[in-house]
Amino acid sequence: MTVYFIGAGPGAADLITVRGARTLAACRVCLYAGSLVPRELLAECPPDARLVDTAQLDLDQITAELLRAHEEGHDVARLHSGDPAVFSAVAEQMRRLDAAGVPYEVVPGVPAFAAAAASLKRELTVPTVGQTVILTRVANRATAMPEGEDLATLGRSGALIVLHLAAKYVDRVVAELLPHYGADCPAAVVAYASRPDELIIRGTLDEIAGKTKEAGVLRTAVIMVGRTLGAEQFRDSHLYSPERERHVC
């Protein structure tokens, strides 16, 4: 029996990977985050699969479900939104499975920031403009941020910042980034990326908070701030340059 941590993708059901869908179809038990994972994906599960919505379960209860499936000899699909590598809370689940001697694997998924970039029709790393992307969040009612990872510190880099779980605190985000990025820095908020109700908000850093609140966006959104969002004049990448030496295999 194996637990498969599967990235369900950013929201659109057809953005799950082929491997993710095939794994889901082979598991007799599926634990899913009901408030975030598209319910259409559950149709991929076997008809007789046991489906468990974890939205109202704590870590102990989730672990108990995983161990129960292990004792019954069933593979488990543990569906997480986006990609399990980022803000998914799989680390503590893995730690408990390690302690219990339960094997597990990870099936990556399309992260929310990638879906947001696709919706914005933007490459986040643009030659001579920006080559670094910082994925982070803010700490309010959630777990405190480690020392040195506050926005004021991260903002000194000038790199493109992508904030998850922060739309509710957009005023604070803007206040902490303004000294480093300037009022005219391009910014965007993408809510429900890839879903039918997707909402895209564009503007400069000094106006994005007002636009976000006016639209009523409070959750399920990413905030992006950085010069690459508005880059138009930049040097072509060396990757396809005629001056680049190419080797024929």
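How much space per residue, in cubic angstrom, does the convex hull of the C-alpha atoms of the chain take up? Write down the numbers at each step before the final one.
On the way: hull volume 42.1 nm³, N = 249.
Hull volume normalised by residue count: 169 Å³.
Give, in nm to one decimal, the length gained when the segment between ARG96 and LEU218 is fully stretched (0.36 nm per residue of separation minus the Cα-Cα distance).
Stretched fully, the ARG96-LEU218 segment lengthens by 40.7 nm.
With a 10 Å Cβ neighbour count serving as the proxy for reagent exposure, in which order, fewest first, do THR132, THR23 appear?
Details: THR132 13, THR23 21.
Ascending Cβ contact count within 10 Å gives the list THR132, THR23.
What fraction, in whole percent, of alpha-carbon pairs in the range 112-230 exceed 26 Å separation?
Of all Cα-Cα pairs in the range 112-230, 11 percent lie more than 26 Å apart.
Relative contact order for the chain using alpha-carbon pairs under 8 Å, separation at least 6, rounded to a whole percent? Spell out each step's value before the answer.
Working: 449 pairs, mean separation 49.5, N = 249.
The normalised contact order for the chain reaches 20 percent.
Using a 10 Å cut-off around each Cβ, can you sort VAL162, VAL138, VAL133, VAL110 from fewest to most neighbouring Cβ atoms? Kindly include the intermediate steps, with their values, before the conclusion.
Numbers: VAL162 26, VAL138 19, VAL133 16, VAL110 22.
By the 10 Å Cβ count, ascending: VAL133, VAL138, VAL110, VAL162.
What FRET efficiency comes out for THR143 versus ARG68 if R0 is 30 angstrom and r is the Cβ-Cβ distance? Round to the nearest 0.05. Intermediate results must be reported in sequence, preceding the final value.
Details: r = 28 Å, r/R0 = 0.92.
So the FRET efficiency works out to roughly 0.65.
Between VAL90, VAL18, VAL222, which gets the highest mean-square fluctuation from a Gaussian network model of the chain, Cα cutoff 10 Å?
In the Gaussian network model the winner is VAL18.
Values quoted throughout were computed directly from the atomic coordinates according to the rules given, and no laboratory measurement underlies them. Predicted model only: the values in this text are computed from it and were never measured. Heads up, the Cβs are rebuilt from the backbone with ideal geometry, glycines too, and the neighbour counts pull from every protein chain shown.
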